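J.: First the structure, which I've put down as structure tokens, then a few questions once you've had a look.
The values are calculated or read from the model by the stated rules, or taken from the named source; none is laboratory data. Quantities reported herein were computed from a predicted structural model and do not represent experimental measurements. Ideal geometry is used to build each Cβ from the backbone, glycine not excepted, and the neighbour counts take in all protein chains shown.
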């Protein structure tokens, strides 16, 4: 019985060490695409079943020893609309670009602050909001700019929220980089005209979602993450959002 208990303990410790090595050394410029907000994402260690939380606690202890206890992170963002993605072609400072099957794009940039200012001066660009927040590492924060509007047909109206939601989730690696997860949601109220238009109840306002996607990437020190929608709104504008995280006072 004691031998079996020792064997289980060694298996558990070995599993923790192996997972910690993967957890601490995995990096790169690849994008992990998200189709739902990071607040409802499936835990990475879910495949461990009932061992997930014990392993996660040990990993957090190892991570705190290696990179320090969680710190506050300052996150600055820019939400904007522009005429065409072609306006972004000449922008410099891009490390990598990724496009998913829906045509949505995620860019990783080197100097996030400079890149944000370049976005604001693009021909046809319109800055919608410049949100910002201070959050603790490994926690989620949401920035939003929404309005309550009446939707539905004249016989069945109700209130819904439309606008922008920008979720962020940040954690550290061993070096100066940050793992940044961001999810952009962008919706608007549109008028649907029925056929024929003189029939009551066939014409009304409805919610149309132009963007609901995100990505998880490794962002370098002073870098940023740019999300670009593949859809346009009813005025022919494309949506984009950039997030620039920084740790006040340095990494340690």
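J.: Is it the case, given these coordinates, that residue 212 is surrounded by 22 or more Cβ atoms within 10 Å (Cβ to Cβ), modelled with pLDDT of 80 or more and in contact with a strand residue (DSSP E or B) (Cβ under 9 Å, 6 or more places away or on another chain)?
T.: no
J.: Still on this structure, I have one more. Answer yes or no as to whether residue 185 is closer than 17 Å to residue 109 by Cα and either modelled with pLDDT of 90 or more or under 16 Å from the mean Cα position of the chain (by Cα) (or both).
T.: No; evaluated as a whole, the condition is false for this residue.
J.: Would you mind stating whether residue 163 is closer than 20 Å to residue 214 by Cα, surrounded by 15 or more Cβ atoms within 10 Å (Cβ to Cβ), touching a strand residue (DSSP E or B) at 6+ places or on another chain (Cβ under 9 Å) and free of Cβ contacts under 8 Å to residues at least 40 places away in the same chain?
T.: Here the answer is yes, as residue 163 does meet what is asked.
J.: Quick one: would you say residue 97 is closer than 24 Å to residue 178 by Cβ, without any contact (Cβ under 8 Å) to a residue 40 or more places away in the chain and surrounded by fewer than 17 Cβ atoms within 10 Å (Cβ to Cβ)?
T.: Taking the combined requirement at face value, the residue satisfies it.
J.: Based on what the data block shows, is residue 162 at pLDDT 90 or above, closer than 17 Å to residue 237 by Cα and not in a loop (DSSP other than H, G, I, E, B)?
T.: yes
J.: A further question on this structure: Run down 109, 62 and say which single residue is over 25 Å from residue 34 (Cα atoms) and surrounded by 14 or more Cβ atoms within 10 Å (Cβ to Cβ).
T.: It is 62.
J.: Out of 66, 55, 62, 127, report the one residue that is touching a helix residue (DSSP H, G or I) at 6+ places or on another chain (Cβ under 9 Å), part of a strand (DSSP E or B) and farther than 30 Å from residue 193 by Cβ.
T.: After ruling out the rest, the residue left standing is 127.
J.: Oh, and also: Consider segment 72-94. How many of its residues are farther than 22 Å from residue 178 by Cα and either in a helix (DSSP H, G or I) or touching a helix residue (DSSP H, G or I) at 6+ places or on another chain (Cβ under 7 Å) (or both)?
T.: 6
J.: For segment 223-251, give me each residue that is in a loop (DSSP other than H, G, I, E, B) and in contact with a helix residue (DSSP H, G or I) (Cβ under 6 Å, 6 or more places away or on another chain).
T.: 223, the sole residue that qualifies.
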